[in-house]
Ligand code: BES
Ligand code: MN
Ligand code: MN
């Protein structure tokens, strides 16, 4: 790995330009108006994998957006790394809060990124992080430093729940056979505090609809005499947490694994400043489940959050009306051992049971997935840890994240291998928010670190 630094120095402008080209394509999987762009992005990934040295690259159709599969098999007796990532992005709205258009990438300096950051939807989640792997492969193949086999599986439906990936994985177990799965789609604590994500939360996402009278009514003539679906919905939602911010759905916590005091003490050692956290979000106080710290609340504890709520009149001025219907989208972040389908059912039963007779309630499950935790004594984790030591000069801290990549637990189930989450984004990179960005330093550091993972993984695996 002698040349990696000089290779990056020599090619960094091209690495940045190529990523910028990829970021210009609005691959918004949630919005069918962008279908052509999503498909074009898959084509662009295919070309980039071919250029980077994959021997075989194919666009695998699914019932939704295709999966780009590529591989370079140098010797079937050597270990195989399977890289997963996604080429789809979140919708960029609200557009007016962006300082520059989301699909016209620009490089700007920030407090956290004095070397510049690329601002665009998908810069960090996940085009930038996924493309680090493509460029790391380019380096390894061009310099004869690829020590093992590599497979790529890049999907286009992660941001909408990966509905078709499970079927693809189950149907292609042999093709996807591997010794470790490597993903960069998470974050790290800080540029001088490298960390490896060892856990992801599960997810249950539901939509609820509350119907009162069969039509919108005059709020004077009928007000007070019939159930107002918006009043009822908000009351029902409010009752889902008690005064300690515990979730009130019966059975919700039954399977939650409680961490030991030692594990919690270990977690608390990770550097964290509550003051900086509050400052970064412009809040005077944090808020959450009684008895847990901020870092525990957003990683090892389950949550229930309203993601959107609507109904009635929201236009200009005032309209005196009792709406016929009210709606909300609700997500529950789950921790390992909680089963998302069971939680969805518990939610549905409870939500229907608390509705007054004066309304009808419909609960529609959207999607979900299981949480994930991975041990730090696995070969993959050890190899990743050594890789960070090489490029950051520090041992990375294992950290459980609050986000979800629901497909990861399915990978383990179907492919029987561990996933290593080497994320290089920062919490402040604003993924899913306006002005998403990815630090140029982080991008290049990722490209530098990944080849070391391959080297150490191959060495450790071969010594087993
Ligand atoms: N890359 C994120 C997940 C993530 C980000 C995990 C940062 C840990 C740290 C992923 O693209 C994502 O947004 N996942 C969704 C779930 C999905 C089913 C839409 C999420 O976590 O909301
Ligand atoms: Mn992602
Ligand atoms: Mn995302």
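Values quoted throughout were computed directly from the atomic coordinates according to the rules given, and no laboratory measurement underlies them. Computed from a predicted model, the values in this text were never measured in an experiment. Here Cβ is always computed from backbone atoms with ideal geometry, including for glycine, and neighbour counts include all displayed protein chains.
Take every Cα pair under 8 Å in segment 57-214 that's 6+ residues apart, average their separations, divide by the length, and report that relative contact order as a whole percent.
Relative CO of segment 57-214 lands at 34 percent.
Taking the beta-carbon count within 10 Å as an exposure proxy, list 432, 113 from fewest neighbours to most.
Going from least to most buried by this count: 432, 113.
I need the peptides 55-66, 310-321 ranked by packing, meaning the mean over residues of other C-beta atoms within 10 angstrom, with the highest value on top.
The packing order, highest mean first, is 55-66, 310-321.
Taking 8 Å as the Cα distance limit and 6 or more residues as the minimum spacing, I'd like the relative contact order of segment 352-464 as a percentage.
Relative CO of segment 352-464 lands at 33 percent.
As a test, work out the antiparallel percent of DSSP beta bridges whose residues both lie in the chain, rounded to the nearest 5.
Restricted to the chain, the bridges split so that about 70 percent are antiparallel.
Once R0 is set to 25 Å, what does the formula 1/(1 + (r/R0)^6) return for the Cβ-Cβ distance between residue 30 and residue 314, expressed as a FRET efficiency to the nearest 0.05?
About 0.70, to the nearest 0.05.
Stretched out fully, how many nm does the piece from residue 257 to residue 427 gain, at 0.36 nm a residue minus the Cα gap?
58.6 nm
Semi-axes of the equivalent ellipsoid of the chain: what are they in whole Å, largest first, if each equals the square root of 5 times a C-alpha gyration tensor eigenvalue?
Semi-axes from the Cα gyration tensor: 41, 24, 22 Å.
For segment 385-441, what does the convex hull of the Cα positions come to per residue, in cubic angstrom?
Cα-based convex hull of segment 385-441, divided per residue, equals 120 Å³.
Subtract the Cα-Cα distance of residue 107 and residue 63 from 0.36 nm times their separation in residues, and report this length gain in nm to one decimal.
Gain on stretching residue 107 to residue 63: 12.2 nm.
Between segment 92-124 and segment 196-241, how far is it from one alpha carbon centroid to the other, in angstrom?
35
Based on DSSP H runs of at least 4 residues, each adding -39500 (n - 2.57), what is the mean residue ellipticity at 222 nm of the chain after dividing by all its residues, to the nearest 500 deg cm²/dmol?
Using -39500 (n - 2.57) per qualifying helix, the result is -10000 deg cm²/dmol.
Report relative contact order for the chain in percent, whole number only (criteria: Cα-Cα under 8 Å, sequence separation at least 6).
This gives 25 percent for the chain.
Could you tell me how far the Cα centroid of segment 346-391 sits from the Cα centroid of segment 131-157, in Å?
For segment 131-157 versus segment 346-391, the Cα centre distance is 29 Å.
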